[in-house]
Amino acid sequence: MVVDAAVHPSISTEEYLRRLPGPWRDHNMGLPTPLGRLWETPIDEVADLAAAGDPERVAEAVFGAGDVDAAILTPLTRGILPNRLHATAVAAATNDWLAEAFLDGSADERFYGSIRVAVTDVEGAVREIERWAGNPRFVQVAVGLRAFAHFGEEQYLPIWEAAAAHGLPVYVQDDLANAAEMWHSVAGQPVHWAEADTLRALTAIVQMASVMGSGLYERLPDLRFIFGDGGLDLAPTLLWRLNNDWRAGRVEVPWIEELPSTLVQRYARFVCSYTDGRPDGETLDPELVAVTRPGTLAIYGSHHPHWDGATRAEATEGLGDEDAARVLAGNALETIPRLAAALGVEVAA
Amino acid sequence: MTDLQVAAPAASARRVAVKRIDCDVHLTPMPATLVDFMPRDVLDTVMRKDLRRLIPRSCYLLLGEGLRQDAWGPDGEVPGTHKETVKRQLWGEAKMDFGFMTPLVGVGADPAVNLAIMRGLNAWQAETWLNEDNLRFFGSICVPVDNVPGAIAEIERWAGHEGFRQILIQPDGDRPFGHPSYLPLWETAARHRLPVAMHFNESNRLQMGITPTGRFTTYFEYHAISHPLEYAAHLTSWITAGTFARLPEFKVVFVEGGFLWHRPLIARMSRQWEAKRGFLAEATKSPLECLRDQVRFSSQPLESAVRPKELAAYLRAAEADKLLMFATDYPHYDFDDPDVALPPAVDDALRGRIMSENAREFYNLPATRPGGPYDEVDA
Amino acid sequence: MTRFVVGPAREIPPGAVRVVHPESERAGIGVFNVDGEFYALRNHCPHMGAPLCSGSIKGTGAARARASGAFEVEWTREGEIITCPWHHWEFEIKSGRTIFPSKSRVRRYDVELEEPAPGSALEARLRRGVETVPVVVEDDATVVLLLGGGGA
């Protein structure tokens with residue numbers, strides 16, 4: 001079985017403006033490239049944005065090669081919008097479009113969707129989750145990687161509670177850089193696209209650690225995060241540091257009762273990137289895959305239409321059959337109960 | 001950096017093979033001592049002798065105030081300030097042969113004060129630790145990054161001094177350091193062939209614990225992740241801006257920020273460089289070549305894996321045999337003991353590279369040193 | 001079983017520790033008084049060999065839920081914990097186990113309190129050996145370490 005956990009259909013400005021209520025309808029949402037407008041980015045090379053928004057052409061690209069059983073769609077939105085009501089309106093319009101274009105039965109039935117929410121509008125986010133939770137084609141919630149506080153902080157709790165209550169994992173995606181977010185590095189704004197593209201994996205780890213440092217995983221044991229934009233191969237190195245800091249500094253975080261590198265398995269998964277296990281970016285080191293692409297944590301996703309997704313071959317190279325099966329489908333099905341139910345797969349509790 | 005050798009000893013003097021080099025030793029003066037070395041005009045005007053600025057403080061829960069509790073001097077001297085205690089613990093007990101000083105006092109908002117503090121640190125190093133024959137401690141020329149001309153002048157002041165073997169900066173900048181505004185500083189370092197060591201500070205700084213998506217709440221998270229965040233910003237920046245390509249003698253050491261995290265980032269950049277070269281026009285040297293030729297890391301705090309064989313495998317894959325240089329971080333609390341920090345799974349050849357050979361080659365240090373009075377101290 | 005005399009119990013009041021150096025234990029042994037009970041731990045942290053017993057004797061943090069369910073830290077077990085002077089690993093003085101779940105522990109030694117009989121050899125040794133404080137033997141218990149065979 002194969003689940004493609006990361007497909008990113010693109011919504012045109014026209015589609016947004018058709019769906020946004022006033023006063024947001026009057027805002028001319030200039031279309032930055034899906035990786036933002038701070039830097040020149042490679043997305044223009046690969047993305048025919050019209051094709052990326054057309055259900056038939058997306059289906060052809062994702063299912064055309066055959067034997068993909070499900071694809072989970074997470075559109076990028078337009079990045080952080082400072083007015084949280086605007087942000088929720090855009091998220092709602094995104095979900096309306098996705099439901100209508102991809103999930104209402106007219107498109108390929110193997111498509112599933114994410115409920116996009118804006119974390120800056122907690123009440124609006126909960127409302128949006130409740131609005132779509134009854135639609136079984138929506139199998140997860142999706143949030144942007146960047147916010148103004150870490151996910152473990154108290155203000156976000158109602159969002160995670162709503163997601164967990166409905167059995168919806170939270171997919172975390174790095175959205176557009178539109179200059180309304182914080183600097184993309186802790187030393188000020190990077191100069192080049194390549195820096196931001198590299199550093200985003202670290203931001204995913206920051207969020208991962210905050211779930212641990214706050215005890216959120218303990219308060220909501222059913223909550224799951226799927227980090228869609230990097231971190232799988234980076235996580236072990238930083239978890240080994242967190243292990244040291246837990247042993248030394250447990251007194252500050254006494255709710256953590258096991259090694260962070262073990263604890264993370266309870267609540268976090270990461271979408272594969274093609275550099276996992278390749279210390280030079282190209283050549284697989286078989287001794288490293290157990291560490292940098294553990295069978296427990298990795299979830300395959302093509303990231304269509306972006307240039308940087310792993311192919312299935314890349315994602316499973318060096319893995320035994322059992323681990324390969326987990327990466328290609330098992331971990332996604334275990335983490336996303338609605339998907340498993342839709343595909344008629346029973347997952348061990 | 002000139003090709004220096006330790007002065008040839010008298011024919012009868014014993015020489016010892018260099019096996020352990022410590023790339024991160026925090027010897028720092030007490031505030032009352034430091035002011036004696038700082039420029040008078042700044043002390044009398046801007047600082048008004050407010051010594052609190054010189055005392056490290058962190059607003060995170062810094063365990064034991066950051067110090068080894070068994071490193072205090074006999075009369076209660078702060079760890080790292082009593083010479084005899086330092087030498088007994090570092091040369092005698094830890095059996096280190098050479099050590100690199102990385103004195104740290106926090107930077108604040110005022111560039112004039114920052115420069116004055118660093119000028120004081122450099123003068124203090126020269127007079128207190130670098131005025132001995134047969135140096136075993138080497139100094140770092142501390143410079144601020146918020147005043148590039150002042151930093152350049154300070155490098156020029158000390159570059160000819162044989163005791164100073166590198167420049168020391170903190171990662172706090174307005175932009176990542178590949179930004180063109182910093183270029184004259186790296187050009188100066190390259191011209192003098194002095195590596196630039198980067199070491200964070202946990203006390204006074206412009207923003208504590210900031211991340212691209214908020215601020216760390218716990219020290220647990222902050223200590224593990226903030227320094228990789230800081231160093232990664234500059235590493236990626238120097239590579240993509242082509243700073244390494246343009247200045248082959250510009251070399252960087254990332255101190256006390258961990259090691260293995262760099263590899264997934266470099267892997268990513270390697271793929272970018274292969275696949276998207278058009279978006280990396282200034283990066284005329286590949287990320288891996290930059291890394292191998294011009295970047296090093298100090299080891300402490302060494303990542304500790306649940307399965308030590310995995311750590312050894314990752315160290316090998318991450319080219320620790322070239323890139324990693326041992327450090328204790330003496331006298332800080334998270335001291336890495338040289339006898340046990342590297343797990344047994346690390347083979348002898350790699351161990352030798354990490355414990356001394358990489359630093360010896362990088363800093364052009366001699367393979368032997370004169371015997372000293374602490375050689376026979378029981379560990 | 002070797003007995004090693006540490007000294008008068010009143011010289012190690014509650015909350016204090018004394019490190020002694022019997023021949024059989026090069027690192028030394030720290031003898032602690034926790035609320036009137038005596039315990040002894042090897043002066044060697046299993047992490048990297050730091051002199052454990054020159055760390056701080058303190059309490060530790062425990063997780064407590066607020067009304068909202070959010071976690072906070074409750075300070076507890078004051079005096080029962082020794083933290084390593086290097087990396088701050090916390091050890092329960094009574095058992096030598098780390099507070100964080102692990103297999104690491106520091107070796108314990110058994111301790112006895114002994115009332116020296118008047119005219120005994122022990123009394124004589126005390127009178128000779130503990131010069132700084134006059135030893136009042138009648139009501140003064142002596143702390144004795146049991147080496148070899150005891151401890152874990």
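Just to be sure I understand: with springs between alpha-carbon atoms less than 10 Å apart, which residue in B:Ile266, B:Ile55, B:Ile239 has the highest mean-square fluctuation in the Gaussian network model of chain B? Between B:Ile266, B:Ile55, B:Ile239, it is B:Ile55 that shows the largest mean-square fluctuation.
Placing unit charges on the Cβ atoms of the charged side chains and taking the dipole of chain A about its Cα centre, the candidate lying farthest along the positive direction among A:Ala118, A:Thr296, A:Leu176 is A:Ala118. Solvent-accessible surface of region C:2-151, averaged per residue with a 1.4 angstrom probe and all protein chains in place: 48 square angstrom.
Straight-line reach from B:Lys251: taking Cα to Cα under 14 Å and skipping same-chain neighbours fewer than 8 places apart, the aspartates and glutamates in range are B:Glu187, B:Glu289, B:Asp293, B:Glu361. Cα-based values for region A:212-287, radius of gyration first and Dmax second, are 14.2, 42 Å. In this assembly, the B-C interface accounts for approximately 900 Å² of buried accessible surface in total, computed with a 1.4 Å probe and without ligands, DNA or RNA. The antiparallel fraction among DSSP beta bridges confined to the protein assembly as shown stands at about 50%. Taking all protein chains as they are arranged and a probe of 1.4 Å, the heavy atoms of B:Lys322 leave approximately 80 Å² accessible to solvent.
Ignoring ligands and nucleic acids, what accessible area does B:Asp22 show with a 1.4 Å probe (Å², nearest 10)? Roll a 1.4 Å probe over it and B:Asp22 shows about 0 Å². Remark: relative contact order (chain C) = 26 percent; criterion is Cα-Cα distance under 8 angstrom and separation of 6 or more residues. A P(r) calculated from all alpha carbon pairs of the protein assembly as shown, with 20 Å bins opening at zero, reads 14, 43, 32, 11, 1, 0 percent. Report summary: the helix-based calculation at 222 nm, which adds -39500 (n - 2.57) for every DSSP H run with n ≥ 4 and divides by the residues of chain B, gives -9500 deg cm²/dmol. Of the residues A:Leu284, B:Ala197, A:Leu328, the one whose Cα sits farthest towards the positive end of the charge dipole of the protein assembly as shown is B:Ala197 (charges of +1 on Lys and Arg Cβ, -1 on Asp and Glu Cβ, taken about the Cα centre). Helices in chain A, meaning DSSP H runs of at least 4 residues, each add -39500 (n - 2.57). Divided by all residues, the mean residue ellipticity at 222 nm is -10500 deg cm²/dmol.
A straight line joining the Cα centroids of region B:176-231 and region C:10-57 runs 40 Å. Working note: Cα gyration tensor of region C:2-151, eigenvalues times five, square-rooted, sorted largest first, giving semi-axes of 33, 18, 12 Å. In a reduced charge model with +1 at each Lys and Arg Cβ and -1 at each Asp and Glu Cβ, chain B shows a dipole moment near 940 debye about its Cα centre.
Positive-end ranking of A:Ser261, A:Pro236, A:Ala87 along the dipole of region A:3-343, with charges on Cβ about the Cα centre, is headed by A:Ala87.
May I ask for the percentage of alpha-carbon pairs in chain A that lie more than 30 Å from each other? Walk me through the numbers before you get to the answer.
Working: 19181 of 60726 pairs.
Summing the P(r) tail past 30 Å for chain A gives 32 percent.
Probe of 1.4 angstrom, ligands and nucleic acids ignored: what's the accessible area per residue over chain A, in square angstrom? Numbers along the way, then the final one.
Numbers: 11640 Å² over 349 residues.
Per residue, chain A has an accessible area of 33 Å².
Using a 1.4 Å probe over the heavy atoms of the protein chains, calculate the carbon and sulfur portion of the accessible area of region A:71-155 as a whole percent.
50
For chain B, averaging the sequence separation of C-alpha pairs within contact (under 8 Å, six or more residues apart) and dividing by the residue count gives a relative contact order of 25 percent. Chain B contacts chain A over a buried accessible area of about 5900 Å², both sides summed; the probe is 1.4 Å and only protein chains count.
What is the calculated FRET efficiency for A:Glu40 to A:Thr262, with r their C-beta to C-beta distance and R₀ = 41 Å, to the nearest 0.05?
Efficiency computed from Cβ-Cβ geometry: 0.50.
Count charges around A:Glu181 for me, please; just the other residues with Cβ under 13 Å from its Cβ, Lys/Arg as +1, Asp/Glu as -1. Summing Lys/Arg as +1 and Asp/Glu as -1 gives +2. The accessible-area ordering, largest first, of the residues A:Arg110, A:Arg137 stands as A:Arg110, A:Arg137, per a 1.4 angstrom probe.
Specify the longest stretch of chain B that does not include any exposed loop site, a site being one of the GluC sites (Glu not before Pro) with a non-H, G, I, E, B DSSP assignment and at most 11 other Cβ atoms within 10 Å.
B:133-375
Average accessible surface for chain B: 35 Å² per residue, computed with a 1.4 Å probe over protein heavy atoms with every protein chain in place.
Only protein heavy atoms count here; on that basis, with a 1.4 Å probe, B:Lys87 has an accessible area of about 40 Å².
The values are calculated or read from the model by the stated rules, or taken from the named source; none is laboratory data. This is a predicted model, so every value here is computed, not measured. Here the Cβ is made from the backbone with ideal geometry for all residues, glycine too, and neighbour counts use every protein chain on show. Remember, those area values only see protein heavy atoms, side chains included, never the ligands or the DNA or RNA. Shrake-Rupley method; radii C 1.70, N 1.55, O 1.52, S 1.80 Å.
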